[in-house]
Amino acid sequence: MERRKFITIAGTAALTVPIMGTIASCSPAPEKFEGHKFPELGYGFNALEPYIDALTMELHYTKHHQGYFNNFLAAAEGTELTETPMERIFENINKYPVSVRNNGGGFYNHVLFWENMTPSPKEMPALLKKAIERDFNSFDNFREQFNSGAKTHFGSGWTWLALNSDGKLFITSTANQDNPLMNVSGITKGVPLLALDVWEHAYYLKYQNRRAEYVDNFWNVVNWEAVNNRLVKANNK
Ligand code: MN
């Protein structure tokens, strides 16, 4: 609203431009929300082979993820949700129908998941490495805790590395398409930094019942730069 007002003023009253310009350069403009978008996959369906097979990737992205997105849009149609960023929707998720929670979560969680994987992983950036070592003592401890969460989570869901409001990293798992941004009792709240899908549709074609093997192989394709970028953004909030 503020931003829209500013543009109108700056556009119609030339005299106010320098003053408004000074103010605008001091405080960053809020990110403009341009509607819910289904994301491009940043790599080919076969790019994460042999750890995640091409057919699983294709079905997961074109059927499951697209399905959540379409169903979320259908649930949001004609409401203010079409104009509301997902993070804000999740803050008030208990006010909305369960179809928004399930499909909105399904839409959002997979966006994070695709982004935090890459066919060409690089070394973990120093900021993230330091934070992990501070809060888990070592990378090995962190991985062990995350693995244990992902391997033992009962039924469908997700395992997360997230940042809490005290600036501390933690690992948690959520059921179904829930995530740590959701204002729901039983969910430990935080900003998600790393997401692992442990629904059977994420691994069953290749790994069948061997979820543990899928979880162990996940570490070969983690995009640490993407995780680090989320940490930077969360720290600056
Ligand atoms: Mn999935």
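May I ask you to derive the FRET efficiency for R134 and N46 from their Cβ-Cβ distance with R0 = 45 Å, giving the value to the nearest 0.05?
0.75
With the helix formula -39500 (n - 2.57) applied to DSSP H stretches of n ≥ 4, the chain reaches a computed 222 nm mean residue ellipticity of -14000 deg cm²/dmol. Given a 1.4 Å probe and the protein chains as shown, Y204 ends up with an accessible area of around 100 Å². Only alpha carbons enter this Debye calculation for the chain, each as an equal point scatterer, and the log10 of I(q)/I(0) it gives at q = 0.09, 0.10, 0.11, 0.12 Å⁻¹ is -0.44, -0.53, -0.63, -0.74.
In straight-distance terms, cross-link reach from K237 covers every one of the lysines whose alpha-carbon lies under 30 Å from its own, apart from those fewer than eight places away in the same chain; here that gives K5, K32, K37, K95, K122, K129, K130, K168, K189. A simple count of charges around A76, restricted to other residues whose Cβ falls under 14 Å of its Cβ and scoring Lys, Arg +1 and Asp, Glu -1, yields +1.
The largest accessible area among R210, R230 belongs to the first residue in R210, R230, and the rest follow in falling order (1.4 Å probe, all chains). A 1.4 Å probe run over the protein chains yields, for the chain, 55 Å² of accessible area per residue, whole-number rounding. All C-alpha pair distances within the range 126-235, sorted into 5 Å bins from zero, spread as 2, 12, 22, 25, 20, 12, 5, 1 percent across the bins. In the chain, the portion of solvent-accessible area held by carbon and sulfur atoms comes to 52 percent [1.4 Å probe, whole percent, DNA, RNA and ligands not counted].
In nm, what is the difference between 0.36 nm times the number of residues separating Q66 and K122 and their Cα-Cα distance?
17.3 nm
Once the piece of chain linking H201 and E213 is laid out straight, how much longer is it, given 0.36 nm per residue of separation minus the C-alpha distance between them?
2.9 nm
The values are calculated or read from the model by the stated rules, or taken from the named source; none is laboratory data. In this text the structure is predicted, and so the values were computed from the model without any measurement. A quick note on method: Cβ atoms are made from the backbone with ideal geometry, for glycine too, and the neighbour counts reach across all protein chains shown. Areas reflect the complete protein model, heavy atoms only, side chains present, ligands, DNA and RNA absent. Shrake-Rupley method; radii C 1.70, N 1.55, O 1.52, S 1.80 Å.
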